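Trainee: Here's a structure for you.
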Amino acid sequence: MTLPRVNRDQPDPDQTAHLSRWLREWELLQALAPDTPPRASHTPLALAGAADPNPVQAGDIRLLHPAIEPNGVRYVAVLCQQRGGDFLVAPFGLLSEPATQDEVTTGRTTPALRVLCAWNRFEMCRDDLQRSWLADRLNDEECHTLLTPMVTATATGAATWPADRTGPPLRHPLDPRWGYLEMESEFRQRACRPTRHGVVYDIGAGELRKAAETRTPYGTPADEDEDGDEDRSTPHA
Amino acid sequence: MNTINISDVSLVTLSDPDAWHLLEVHMTLPDAIHGKAYKEWLFARTAGSPDAPFDVVQGGATLLMRSAVREHLRREHLPATHVSANQPPTQITTAPCCEEWLPGPLDTRDTVEHRELQSLAAQHADRLFAALPRRLKMTLAARACQLPLSTPDLLELAGCQCSTLHGAYREFAERVFDELRECYRGDDRDTVSDLAVEVFNDLTQRCGTWAENDNALQDILQSAGRQDGGGATV
């Protein structure tokens, strides 16, 4: 059987050059990666140090505490506050070129803040962000250009930016960029790991009887009233 | 050294003061509210660590230095594959992988042919999906949801290590491409590659749908989605 002939135009030279640069930097990243990953801190974040005095708000650029990300310095942009009180954040990328169409250049020249990874956005609780340092804030232009498309994107759709600010499309299953996405997805899982928050008991201090408190003898009506004994047969009005 | 166009290491080695200056320049955010917050990060690593504080800070500085070195090499040195324009061309070297990973846009006059190709891809995907082992379906479904293959719950369900899933994925992708190239040996190579990509993407979508009906896997995918807030698809 002969396949239907599908013709393609010449590849976009800018995209090809872009991908070549990205591949080269990815190769450097892998060549310089440590043989063993750093050991994660065993100290709960709540005890790891004082909170940053600046209240968390949309537009913040926060440096994640090493208890959240021990593998290196990672910044996140705070997008917006969610209904439950958590914040939606998007990490800045490790490389200087956007890898895919869902990563965008920010216009900043600082290596750690050149690329914003919209595809990798996730929720973080206020406490975690409060203990991460406020490094800078996005200006109005950046908020409009970078944050608004992400905040208004639907749950299944991706935010869109001009092609000259994003990476090439990803289609081939053996494209090395899948390895990069895998690595960054692992970072996302580490950063929003719920075990870091510990167990929360919702019993107030006043509800627990302390050992030294006096207690009326068993069977005393006053004692039974406190507990609302379900065996009582006294009808209620 | 294999990644940059330098044969003598001493030519790129910096002195200690220069190296520390490189780190400062790389890590500091200019004109920022707190441009040197990375120093807080360095010393915060000592909290709760069983190692000596000096060792912890030194380890953290080493991590940061790797990033600074990478940026320095990217900016200052050419890649090892760089060829001078003055060198007599012995062979035209383009990156075949780049061309395969990033082909040009489809000719808009070939819409009908492209739909035929997609229909043919669906037939191949039907055949391959029927014979796909569960572990591979799980791998493709995880990829479709951008769930890392290193997710502990996923590995426990699959009953193997992360490297096994990665290896299985790669081996399967290569097998799909090789099979189709063999099947359509006389056809245009680029068109066969397009067909293989369509087949693989179709398979990935089918595995995503399959995962929705697998209770154990769906729990893992949904749990990861709740924690993550949902990563967008590329």
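Trainee: In the range B:44-75, what count of residues is obtained for those that are over 28 Å from A:Arg21 (Cα atoms) and not aliphatic (A, V, I, L, M)? Talk me through it step by step, then tell me what you get.
Mentor: Going residue by residue through the range B:44-75, those that are over 28 Å from A:Arg21 (Cα atoms) are B:44-59.
From what is left, the residues that are not aliphatic (A, V, I, L, M) are B:45-46, B:48-51, B:53-55, B:58-59.
So the count comes out to 11.
Trainee: Touching a helix residue (DSSP H, G or I) at 6+ places or on another chain (Cβ under 8 Å) and facing chain B (nearest Cβ under 7 Å) - does that describe any residue in the range A:84-94?
Mentor: The answer is yes; a qualifying residue exists.
Trainee: For A:Tyr180, all conditions in the list (1) at the interface with another protein chain (Cβ under 9 Å from one of its Cβ atoms); (2) surrounded by 20 or more Cβ atoms within 10 Å (Cβ to Cβ) hold save one; what is the number of the exception?
Mentor: Answer for A:Tyr180: the failing condition is (1).
Trainee: Exactly one condition in (1) assigned to a loop (DSSP other than H, G, I, E, B); (2) modelled with pLDDT under 90; (3) more than 11 Å from every other protein chain (Cβ to nearest Cβ) is false for B:Trp20; which is it?
Mentor: (1)
Trainee: Please find, within the range B:162-202, the residue that is farthest from B:Ala142 (Cα to Cα) out of those that are part of a helix (DSSP H, G or I) and among the basic types (Lys, Arg).
Mentor: Of the residues in the range B:162-202, the ones part of a helix (DSSP H, G or I) are B:162-183, B:189-202.
Next, only the ones that are among the basic types (Lys, Arg) stay: B:170, B:175, B:181, B:189.
Working: B:Arg170: 14, B:Arg175: 20, B:Arg181: 27, B:Arg189: 30 Å.
Among residues in the range B:162-202 that are part of a helix (DSSP H, G or I) and among the basic types (Lys, Arg), the one farthest from B:Ala142 (Cα to Cα) is B:Arg189.
Trainee: Taking the range A:48-64, which residues are buried (at least 23 other Cβ atoms within 10 Å of the Cβ) and either within 18 Å of B:Leu63 (Cβ to Cβ) or not basic (Lys, Arg) (or both)?
Mentor: To start, the set of residues in the range A:48-64 that are buried (at least 23 other Cβ atoms within 10 Å of the Cβ) comprises A:60-64.
Selection gives A:Asp60, A:Ile61, A:Leu63, A:Leu64.
Trainee: I'm trying to understand the selection: among the residues of the range B:156-208, which are out of contact with any Cys (no Cβ under 9 Å at 6 or more places or on another chain), away from chain A (no Cβ under 11 Å) and buried (at least 17 other Cβ atoms within 10 Å of the Cβ)?
Mentor: Hits for the range B:156-208 are B:Leu157, B:Ala158, B:Asp202, B:Arg206, B:Cys207.
Trainee: Filtering the range A:65-86 down to residues that are modelled with pLDDT of 95 or more and not β-branched (Val, Ile, Thr), which residue is surrounded by the fewest Cβ atoms within 10 Å (Cβ to Cβ)?
Mentor: Looking at residues that are modelled with pLDDT of 95 or more and not β-branched (Val, Ile, Thr), I get A:Arg74.
Trainee: Within the range A:120-165, take every residue that is surrounded by 22 or more Cβ atoms within 10 Å (Cβ to Cβ) and over 27 Å from B:Lys36 (Cβ atoms) and give me the one that is modelled with the highest pLDDT.
Mentor: A:Met150
Trainee: When the residues of the range A:1-16 are filtered to those that are facing another protein chain (nearest Cβ under 7 Å) and outside any loop (DSSP other than H, G, I, E, B), which remaining residue is farthest from the chain's Cα centre (by Cα)?
Mentor: Restricting to residues being facing another protein chain (nearest Cβ under 7 Å) and outside any loop (DSSP other than H, G, I, E, B), the top hit is A:Arg8.
Trainee: Tell me, yes or no, whether the range A:89-96 has at least one residue that is in contact with an Asp or Glu (Cβ under 7 Å, 6 or more places away or on another chain) and among the hydrophobic types (A, V, I, L, M, F, W, C).
Mentor: At the first step, the residues of the range A:89-96 found to be in contact with an Asp or Glu (Cβ under 7 Å, 6 or more places away or on another chain) are A:93, A:95-96.
Going one step further and asking which of them are among the hydrophobic types (A, V, I, L, M, F, W, C), we end up with A:95.
Within the range A:89-96 (the criterion being in contact with an Asp or Glu (Cβ under 7 Å, 6 or more places away or on another chain) and among the hydrophobic types (A, V, I, L, M, F, W, C)), the answer is yes, since at least one residue qualifies.
Trainee: Name, by its number, the condition in (1) away from chain A (no Cβ under 13 Å); (2) surrounded by 15 or more Cβ atoms within 10 Å (Cβ to Cβ); (3) in a helix (DSSP H, G or I) that does not hold for B:Arg127.
Mentor: In the conditions (1) away from chain A (no Cβ under 13 Å); (2) surrounded by 15 or more Cβ atoms within 10 Å (Cβ to Cβ); (3) in a helix (DSSP H, G or I), B:Arg127 misses (2) alone.
Trainee: Still on this model: When only residues in the range B:26-41 that are small (Gly, Ala, Ser) and assigned to a loop (DSSP other than H, G, I, E, B) count, which is surrounded by the fewest Cβ atoms within 10 Å (Cβ to Cβ)? Talk me through it step by step, then tell me what you get.
Mentor: Filtering the range B:26-41 down to residues small (Gly, Ala, Ser) leaves B:32, B:35, B:37.
So of that shortlist, the ones also assigned to a loop (DSSP other than H, G, I, E, B) come out as B:32, B:35.
Values: B:Ala32: 17, B:Gly35: 14.
Restricting to residues being small (Gly, Ala, Ser) and assigned to a loop (DSSP other than H, G, I, E, B), the top hit is B:Gly35.
Trainee: Give me the pairs: first residue in the range B:28-55 and under 18 Å from A:Arg74 (Cα atoms) and more than 7 Å from every other protein chain (Cβ to nearest Cβ), second residue in a helix (DSSP H, G or I) and of a type in the set (Gly, Ala, Ser), beta-carbon distance under 7 Å, and six or more apart or on different chains, which are they?
Mentor: Every condition considered, the pairs that remain are B:Leu42/B:Gly60; B:Leu42/B:Ala61.
Trainee: Scan the range B:130-152 for residues that are buried (at least 17 other Cβ atoms within 10 Å of the Cβ) and not in a helix (DSSP H, G or I) and jot them down. Quick ask: steps written out before the conclusion?
Mentor: Quick first cut of the range B:130-152, residues buried (at least 17 other Cβ atoms within 10 Å of the Cβ) only: B:132, B:136-151.
Of everything in the range B:130-152, those that are buried (at least 17 other Cβ atoms within 10 Å of the Cβ) and not in a helix (DSSP H, G or I) turn out to be B:Leu132, B:Cys145, B:Gln146, B:Leu147, B:Pro148, B:Leu149, B:Ser150, B:Thr151.
Trainee: Using the structure shown, decide if B:Arg143 is free of Cβ contacts under 8 Å to residues at least 60 places away in the same chain and either away from every other protein chain (no Cβ under 11 Å) or within 24 Å of B:Asp178 (Cβ to Cβ) (or both).
Mentor: Working: free of Cβ contacts under 8 Å to residues at least 60 places away in the same chain: no; either away from every other protein chain (no Cβ under 11 Å) or within 24 Å of B:Asp178 (Cβ to Cβ) (or both): yes.
So B:Arg143 fails the test.
Trainee: For A:Pro55, only one of the following conditions fails: (1) modelled with pLDDT of 90 or more; (2) closer than 30 Å to A:Pro162 by Cα; (3) out of contact with any Ser or Thr (no Cβ under 8 Å at 6 or more places or on another chain); (4) more than 8 Å from chain B (Cβ to nearest Cβ). What is its number?
Mentor: (2)
Trainee: Counting only residues that are part of a helix (DSSP H, G or I) and at the interface with chain B (Cβ under 9 Å from one of its Cβ atoms), which one in the range A:113-169 is farthest from A:Glu97 (Cα to Cα)?
Mentor: So in the range A:113-169, the residues part of a helix (DSSP H, G or I) come out as A:113, A:118-120, A:126-130, A:140-152, A:163-165.
Narrowing further to those that are at the interface with chain B (Cβ under 9 Å from one of its Cβ atoms): A:113, A:118-120, A:150.
Working: A:Leu113: 11, A:Ala118: 14, A:Trp119: 15, A:Asn120: 15, A:Met150: 19 Å.
Restricting to residues being part of a helix (DSSP H, G or I) and at the interface with chain B (Cβ under 9 Å from one of its Cβ atoms), the top hit is A:Met150.
The values are calculated or read from the model by the stated rules, or taken from the named source; none is laboratory data. Model, not experiment: these values are computed from the prediction. As a convention, Cβ positions derive from the backbone with ideal geometry for all residues, glycine included, and neighbour counts pool all protein chains shown.
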